[in-house]
1. Applying 1/(1 + (r/R0)^6) with R0 = 51 Å to the Cβ-Cβ distance of residue 397 and residue 339, what FRET efficiency is obtained, to the nearest 0.05?
2. Going by C-beta contacts inside 10 Å, put 432, 214, 60 in order with the fewest on the left.
3. Kirkwood hydrodynamic radius of the chain from all distinct Cα pairs, in Å?
4. For the stretch 385-466, report the convex hull volume of the alpha-carbon atoms normalised per residue, in Å³, without decimals.
5. Listing 208, 405 from the residue with the fewest other Cβ atoms within 10 Å to the one with the most, what is the order?
6. For residue 141 and residue 569, what is the calculated FRET efficiency with R₀ set at 51 Å and r taken between the beta-carbons, to the nearest 0.05?
7. Which of 337, 523 has the fewest other C-beta atoms within 10 Å, and how do the rest follow up to the most?
8. Can you give the calculated 222 nm mean residue ellipticity of the chain, where each DSSP H run of n ≥ 4 adds -39,500 (n - 2.57) and the sum is split over every residue, rounded to the nearest 500 deg cm²/dmol?
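Derivation of every value follows stated rules applied to the coordinates shown; laboratory data play no part. Since the model is a prediction, treat every value here as computed from it, not as a measurement. Heads up, the Cβs are rebuilt from the backbone with ideal geometry, glycines too, and the neighbour counts pull from every protein chain shown.
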Ligand SMILES: Cc1ncc(C[n+]2csc(CCOP(=O)(O)OP(=O)(O)O)c2C)c(N)n1
Ligand SMILES: [Mg+2]
C-alpha cells in the first residue's frame with residue numbers, strides 16, 4: 001500500500017505534537033487495546049458502525065472500553081454520522097467489517113476527504129493465518145487488498161496492522177495524519193491481530209515540525225504591508241477556520257483591525273452571522289449582490305481557510321482577481337502570484353494578530369442590512385420554503401445546530417443567520433444527498449445538550465431516513481423538517497421539463513415515527529401550521545419531532561433559482 005504522510009502539528013489532538021499521552025513506553029497491551037487508547041487520546045469518545053465477524057473481537061474490546069459504540073442501520077450512514085461528529089468534536093471514527101461494510105462506507109469517506117473532515121475508518125479483515133493459498137473467504141472481492149486499494153485513493157493515509165512490532169507506531173502515524181490534515185484515514189486490522197501483544201519496547205513517535213518560521217515572518221510582513229495600503233480590505237473565511245479551531249483567533253484579528261468578514265457556503269457559521277463585522281455569504285453572482293460587490297471591489301481579499309469550489313464561489317461566477325488576493329489554507333499560502341511553502345494557517349493568523357496594522361475600512365452597515373428580510377406570520381398563507389426559512393430564522397439560538405441536506409434545504413438555508421456558536425453543517429461541496437439524517441445522529445452524539453434542527457428534502461430523506469431509528473433509540477430530540485415537493489426539485493429547476501425521473505413515491509413521512517416506535521410528527525400546509533408546529537417542537541425537548549412540510553412542487557428559493565440559472569449553462 002502506497003500510503004505515506006508527513007507528520008507534524010496543525011490540529012488539536014494530543015497526537016499533534018507527537019505526544020505519547022497515556023500510551024505506555026513498553027508494550028503491555030494488545031494492538032486492539034492500544035488502538036482504543038489512542039482513539040481516546042484523540043478525543044474520540046463515541047464511535048459509529050456495524051459489526052461483522054471480521055471485526056467482532058475488536059467490537060468486544062470497544063464495548064468493554066470507555067468508548068460509546070453507536071450501532072447504525074447502514075455503514076454509509078455510520079460514515080456520515082462519524083463525519084458530522086468529527087466536524088463538531090474535532091475527530092470521529094467509524095468501525096466496520098471487511099468489504100461489505102467497508103465498501104459501503106466509501107461514499108461517506110470520500111465526502112469527508114473532499115470536505116476535510118477528520119474521520120478514522122477502522123475495518124476488520126481476514127486473519128493473516130487464514131490467508132494462505134488465497135482461499136475464497138466470504139466478503140473478499142478480487143484479493144485480500146481490494147478494500148485497502150480503494151481507501152488508498154480516498155484517505156489521507158492508512159495502515160494494515162500486520163506487524164506487531166510496528167503496529168503501535170503505525171497507529172500513531174495514521175492518527176497524527178488525521179489530526180494534522182483533517183482528512184480521513186484508514187486502519188485495517190486483521191482479526192487475528194486484535195489480541196496480539198507486541199514484544200518489543202514501544203518508542204513514542206517523534207514528529208518533525210515542517211513549519212518554516214522565516215517564511216511565516218516574511219509572509220506576515222508582506223500581508224501587513226498589503227493591508228496597510230488597502231482601501232477596502234476584506235476577509236473571506238472558509239471551512240478550515242472551523243476545522244483547525246481558529247474561529248476566535250480570526251474574530252480577534254478582524255476586530256483588532258476592523259476588517260469585515262464574509263464567509264463561504266461550506267464555511268457558513270465559522271463566524272457568527274450576527275457579528276457586527278460580518279457581511280454575509282460570498283457566493284459570487286449566486287449570493288447577495290451587495291456582499292458580492294463589496295468583496296469583489298476590495299483591493300485586499302484575505303481568503304483564509306477557503307476552498308475555492310464551484311458551489312462555494314457561485315458556479316464560477318466569483319470575480320476574484322489573484323493580484324488582490326491572499327489565499328491561505330492548511331496546505332498552501334499564495335500571495336498574489338507567488339507561493340510560500342510550509343506556513344501554518346493557525347500560526348499565520350496568530351502572527352497577524354500581533355502585527356500593527358492600520359487598514360482603512362469603510363462603514364459596512366448598509367451592506368448587511370440590504371440582505372436582511374423582516375418576517376411576520378401570515379397564518380392562512382400556504383407555506384413556501386423562503387418564508388419558512390424566515391420563520392425558522394427567528395427561532396435559532398446560540399445552542400442550535402442546523403444541518404441541511406443537499407437540495408433546496410441547503411440553498412434556502414443560506415438565508416439563515418447563525419448566532420454565537422450555532423453550528424451549520426452541510427456537505428456543501430461534495431453534495432452527497434442523504435447526509436443530513438445520519439449527520440443528525442452524529443451531531444446529537446457529539447453535543448447531547450444541543451438542539452439539532454435538520455432540513456431535508458423528500459428525496460434525500462428517502463435515502464437515509466432509517467437512521468431516525470437510532471436517533472429515537474438513543475433518546476435524541478432533533479427537529480427534522482422534511483421538505484416534501486414530491487421529488488427532485490433541484491433537478492427540475494436545473495433542467496426544466498416534465499421529466500419522470502425527477503418524481504418519487506409520495507410518502508406519509510410522519511408515519512415513520514410509528515414504524516420506529518418513537519417521535520412525534522405534524523403536517524404543515526400553511527405558515528400558521530409551521531409556526532405552531534415549530535413552537536410545539538421547540539417547547540417539547542423530550543423527543544424527536546418530524547415536521548412534514550407540504551410544498552408546491554414548483555416552489556424554489558431565490559438562491560436555488562440563481563444557482564440553477566448559472567449551472568444550467570453547464571448541463
Ligand atoms: C447521493 C446523490 N445522488 C444524486 C444526487 C444528484 N441530486 C442533486 S440534488 C437532487 C435532488 C434532491 O431532491 P430532494 O432531496 O427532494 O431535494 P429538493 O431538490 O427537492 O429540494 C439530486 C438527485 C446527489 N447530489 N447525491
Ligand atoms: Mg424534493
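1. 0.75
2. Values: 432 21, 214 8, 60 13.
Final ranking by Cβ density, sparse to dense: 214, 60, 432.
3. Details: mean 1/r = 0.0405 Å⁻¹.
Computed over the chain, the radius equals 24.7 Å.
4. Cα-based convex hull of the stretch 385-466, divided per residue, equals 86 Å³.
5. The fewest-first ordering by Cβ neighbours comes to 208, 405.
6. Using R0 = 51 Å, I get an efficiency of 0.80.
7. On the way: 337 8, 523 14.
Ordered from fewest to most neighbouring Cβ atoms within 10 Å, 337, 523 come out as 337, 523.
8. -10000 deg cm²/dmol
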